[in-house]
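Reviewing the structure listed below.
The values are calculated or read from the model by the stated rules, or taken from the named source; none is laboratory data. Keep in mind it's a predicted model, so treat the numbers as computed, not measured. Counting neighbours? That spans all protein chains shown, and the Cβs are built from the backbone with ideal geometry, glycine included.
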Amino acid sequence: MPREIVTIPLNDPVLTVQVVALYKGKDAGPFAYLQSMRSGVLKTLNTNAEDTETARTYHRREGGYQQMLADALPTDADAVISPPSRMAWQAEPYRQAIRRKNPSAVDLTPRLTRVGNAFAGGRATVAEVTAQLRYVATGQESKISRLIIVDDTFTKGTTAAAIVSILCAHGLEEGCKIVVACPLWLNTFAP
């Protein structure tokens, strides 16, 4: 299981985080379903994307994947958050598994919304993604010392950097330990 300390975003370093992924590769490997849904490939193969062998194979293993990712993470997180996404349903079960392992962690996900169309996957910069995020503060952000960002896919870290930027604007301390957790780390970035 890939577990690395990286500076994100990979092409324009902003901060250092630990990335924990179930699979890292130039292809999506066992997580082809997640990537194929994101890219729309499965819908070109079958009008019902769920009626494909790729979908059935992933769903048979999905519960095990969720537990594996949750088990690989620290159990002392203060907060968890997932970015607003058109594919939020892909990260949701992973975040729920992580929350079960960290029952005292506050889930900040409902407090974060997107108001525009700047997506890291669309090559937007950290500043562009951050400008289109809205966050409703809890007033407790300065007390968060361990944060887990849960997403379905990690590529360059632009979205994670934007989330941290907006949380810092609301009091998150610079010394906060940040873990990005995802099933799929697409290692397609060429430095």
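Being surrounded by 12 or more Cβ atoms within 10 Å (Cβ to Cβ) and within 17 Å of the chain's Cα centre (by Cα) is the requirement here; does residue 55 meet it? Show your work before the answer.
Values: surrounded by 12 or more Cβ atoms within 10 Å (Cβ to Cβ): yes; within 17 Å of the chain's Cα centre (by Cα): no.
In short, no.
A quick yes/no check of all residues on (1) among the acidic types (Asp, Glu); (2) within 26 Å of residue 61 (Cα to Cα); (3) out of contact with any strand residue (DSSP E or B) (no Cβ under 6 Å at 6 or more places or on another chain):
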residue	(1), (2), (3)
131	no, no, yes
140	no, no, yes
155	no, yes, no
159	no, no, yes
176	no, no, no
TODO: Would you please name the residue that is surrounded by the fewest Cβ atoms within 10 Å (Cβ to Cβ), looking only at residues in the range 112-123 that are assigned to a loop (DSSP other than H, G, I, E, B) and aliphatic (A, V, I, L, M)?
DONE: 115
Task: Unique residue being among the hydrophobic types (A, V, I, L, M, F, W, C), under 28 Å from residue 173 (Cβ atoms) and crowded, with 19+ Cβ neighbours inside 10 Å when the list is 28, 21 - done: 21
TODO: Find all pairs meeting these conditions: Cβ atoms under 7 angstrom apart; at least six residues apart or on different chains; first residue within the range 167-182 and modelled with pLDDT of 95 or more; second residue part of a strand (DSSP E or B) and polar (S, T, N, Q).
DONE: 179/18; 182/153
TODO: Might you check whether a residue that is buried (at least 19 other Cβ atoms within 10 Å of the Cβ), under 14 Å from the mean Cα position of the chain (by Cα), hydroxyl-bearing (Ser, Thr, Tyr) and modelled with pLDDT of 95 or more occurs anywhere in the range 87-99?
DONE: yes
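Among the strands (runs of 3 or more DSSP E) confined wholly to the range 129-189, which include 2 or more residues that are surrounded by 21 or more Cβ atoms within 10 Å (Cβ to Cβ)?
Details: elements: 133-135, 146-150, 177-186.
Output list reads 146-150, 177-186.
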